[in-house]
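Q: I'd like to ask you about the structure that follows.
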Amino acid sequence: MDKIRILNLKIPAKHGAYEFEKDKEGLFELDIEMHTDLSVPGSSDDLKDTVNYDEAVSLITETFTEKEYNLIEAVGETICNRLLKQYPIQKVRIKIRKPHAPIMANLDTVEVELTRKP
């Protein structure tokens, strides 16, 4: 299966389970992988035959920032559902990293990964 990837999309937002996390924006990092057949756009060389990356990034960013979620798992689920509804993709995988997670440990980031099919 062919894939379209959007890597390390950085979006500021106020997501978190604790109220103090919603006081100021943190920078989240997202990787999105969309599985789809790219043979038609590969032959046609026409944007209408594939996922428009600009539109996909706008949809992801709008979904990520339209409300304050307690869990990045929840916003990830919403993004997966919207991408599957909007585009002819067979599978979507999203990774969301929260490097500023309020955890008292020596770590680089926390990350959730969701994989969904229609």
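The values are calculated or read from the model by the stated rules, or taken from the named source; none is laboratory data. Remember, predicted model here, so these are calculated numbers, not experimental data. All Cβ positions, even for glycine, are placed from backbone atoms using ideal geometry, and neighbour counts span all protein chains on display. For the accessible areas, the whole protein counts, side chains as well, though only heavy atoms, and no ligand, DNA or RNA atoms are used. Shrake-Rupley method; radii C 1.70, N 1.55, O 1.52, S 1.80 Å.
Q: Carbon and sulfur atoms: what percent of the 1.4 Å accessible area of the stretch 1-40 do they account for?
A: Ligands and nucleic acids excluded, carbon and sulfur reach 51 percent.
Q: List residues of the stretch 23-40, by number, whose backbone nitrogen lies under 20 Å from a label position 7 Å along Cα→C-beta of Q90.
A: 32-40
Q: Run the helix sum for the chain: -39,500 (n - 2.57) per DSSP H stretch of 4+ residues, divided by residue count, reported at 222 nm to the nearest 500 deg cm²/dmol.
A: -9000 deg cm²/dmol
Q: Quick check: residue separation of K117 and E25 times 0.36 nm, minus the Cα distance between them. What number comes out in nm?
A: The K117-E25 span can extend by a further 30.1 nm.
Q: Could you work out the relative contact order of the stretch 67-111? I mean the mean sequence separation of Cα pairs under 8 Å and 6+ apart, divided by the number of residues, in percent.
A: So the answer I get is 27 percent.
Q: Return one whole number: the accessible area per residue of the chain in Å², for a 1.4 Å probe. Intermediate results must be reported in sequence, preceding the final value.
A: Numbers: 7120 Å² over 118 residues.
Here the per-residue accessible area is 60 Å².
Q: Given the pairs K95/K117; K10/K48; K48/K85, which span a C-alpha to C-alpha distance of over 23 angstrom in this model?
A: In this structure, K10/K48 exceed 23 Å between Cα atoms.
Q: Give the separation of the Cα centroids, the stretch 79-118 to the stretch 8-61, in Å.
A: Their Cα centres are 10 Å away from one another.
Q: Moving on. Relative contact order, percent, of the chain when contacts are C-alpha pairs under 8 Å separated by at least 6 residues? Display every interim value, and only then the final one.
A: Working: 198 pairs, mean separation 32.8, N = 118.
Value for the chain: 28 percent.
Q: What order do you get for 63-75, 41-53 when each peptide is scored by the mean count of other beta carbon atoms within 10 Å, highest first?
A: Ranked by mean Cβ neighbours within 10 Å, highest first: 63-75, 41-53.
Q: I need two numbers for the stretch 44-118: Rg to one decimal and Dmax as a whole number, Cα atoms only, in Å.
A: Considering the stretch 44-118 through its Cα atoms, Rg and Dmax are 14.7, 52 Å.
Q: Put +1 on the Cβ of every Lys and Arg and -1 on every Asp and Glu Cβ in the stretch 41-110; which of A105, I89, S44 then has its Cα farthest towards the positive end of the dipole?
A: Highest projection toward the positive end goes to A105.
Q: Okay, next question. Please list, or write none, the aspartates and glutamates whose alpha carbon is within less than 18 Å of the alpha carbon of K14, excluding same-chain residues fewer than 8 places away.
A: The reachable aspartates and glutamates, counting only those whose Cα sits under 18 Å from K14, are D23, E25, E29, E62, E66, E68, E73, E77, E111.
Q: Mind putting a number on the dipole of the chain about its Cα centre? Charges go on the C-beta only, +1 for Lys and Arg and -1 for Asp and Glu, and I need it in Debye to the nearest 20.
A: 240 debye
Q: Run the 1.4 Å probe and let me know the accessible area of E19, rounded to the nearest 10 Å².
A: 130 Å²
Q: Given labels modelled 7 Å from the Cα in the Cβ direction, how far is it in nm from L38 to N52?
A: 1.9 nm
Q: Just to confirm the filter: which trypsin sites (Lys or Arg not before Pro) across the stretch 8-43 are DSSP coil and have at most 13 other Cβ within 10 angstrom of their Cβ?
A: Loop-located and lightly packed - K24.
Q: Chymotrypsin sites (Phe, Trp or Tyr not before Pro) within the stretch 1-51: which are DSSP loop residues with at most 16 other Cβ atoms inside 10 Å?
A: Those that pass, being in a loop and sparsely packed, are Y18.
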